[in-house]
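Data block below; observations after.
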Amino acid sequence: MLRRLLFALPLLGFAAVAVWFLHGLGRDPAAIPSALIDKPVPEFRLPPLEGSGKPALAAQDLRGRVALVNFYASWCAPCRIEHPLLMRIAAEKRVALYGIAYKDGMAESRRFLAQLGDPYAAIGWDGDGRVAIDWGVYGVPETFVVDRAGRIRHRHVGPLSDDTMAKVIVPMIARLERE
């Protein structure tokens, strides 16, 4: 009897692990929950990215109209992937797009934007990452949809894509603009 139990124990363990993995299949890995959804943007005031010609960024700048806030860094490969899409979003002028340079050097961030283009209406420099911590940022890129009242309504982890914009972000922006 003990011998059968010892034989069955690894099989039961394997079955438990298999069920756990199967439970996770089909979930969107970018759908990391945020405790800040429907809460006001954390209060912050960041200095401008020196030499960018853009103004500083503070929480009150995110009130009054629907906005996208994009945390990025020059050292972030996925940020380079999503950047052409951010340039198109900015060119469409449908929504205000703000950037926060996360744990990046000022010169490196300026060089990044000089090479790829600067889509942001304002850029805040979060050199030590403290503002990102308040927003619950895990890494870059992360993009947040902020409503007119300055509440975070959506969080997207990872690079934005045309598909995400068409199916999630643009419909949400349209809905929030009607509210």
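The values are calculated or read from the model by the stated rules, or taken from the named source; none is laboratory data. Model, not experiment: these values are computed from the prediction. Here Cβ is always computed from backbone atoms with ideal geometry, including for glycine, and neighbour counts include all displayed protein chains.
Which one is nearest to the chain's Cα centre (by Cα), of the residues in the range 138-179 that are among the β-branched types (Val, Ile, Thr) and surrounded by fewer than 22 Cβ atoms within 10 Å (Cβ to Cβ)?
Step by step, filter the range 138-179, then rank; the result is Val157.
Select from the range 37-54 the residues that are assigned to a loop (DSSP other than H, G, I, E, B) and at pLDDT 95 or above and write down the one among them that is farthest from Asp128 (Cα to Cα).
Ranking the candidates gives Lys39 first.
Take the range 105-123 and flag every residue that is farther than 27 Å from Arg178 by Cα and assigned to a loop (DSSP other than H, G, I, E, B).
Within the range 105-123, Gly105, Gly117, Asp118 qualify.
Out of the range 116-137, which residues are more than 16 Å from the chain's Cα centre (by Cα) and within 25 Å of Arg94 (Cβ to Cβ)?
Once the filter is applied, which keeps residues that are more than 16 Å from the chain's Cα centre (by Cα) and within 25 Å of Arg94 (Cβ to Cβ), the range 116-137 yields Leu116, Gly117, Asp118, Ala121, Ala122.
Any chance the range 124-138 includes a residue that's among the basic types (Lys, Arg), assigned to a helix (DSSP H, G or I) and modelled with pLDDT of 95 or more?
Yes: the range 124-138 contains one or more residues that are among the basic types (Lys, Arg), assigned to a helix (DSSP H, G or I) and modelled with pLDDT of 95 or more.
Please go through the range 139-163 and give me each residue that is within 17 Å of Arg80 (Cβ to Cβ) and assigned to a helix (DSSP H, G or I), ordered by number.
If the condition is that a residue be within 17 Å of Arg80 (Cβ to Cβ) and assigned to a helix (DSSP H, G or I), then Asp162 is the only one that fits.
Considering each of Val168, Val145, Val157, Val140 in turn, give the residue that is touching a residue at least 60 places away in the same chain (Cβ under 8 Å) and more than 14 Å from Cys79 (Cβ to Cβ).
Val145
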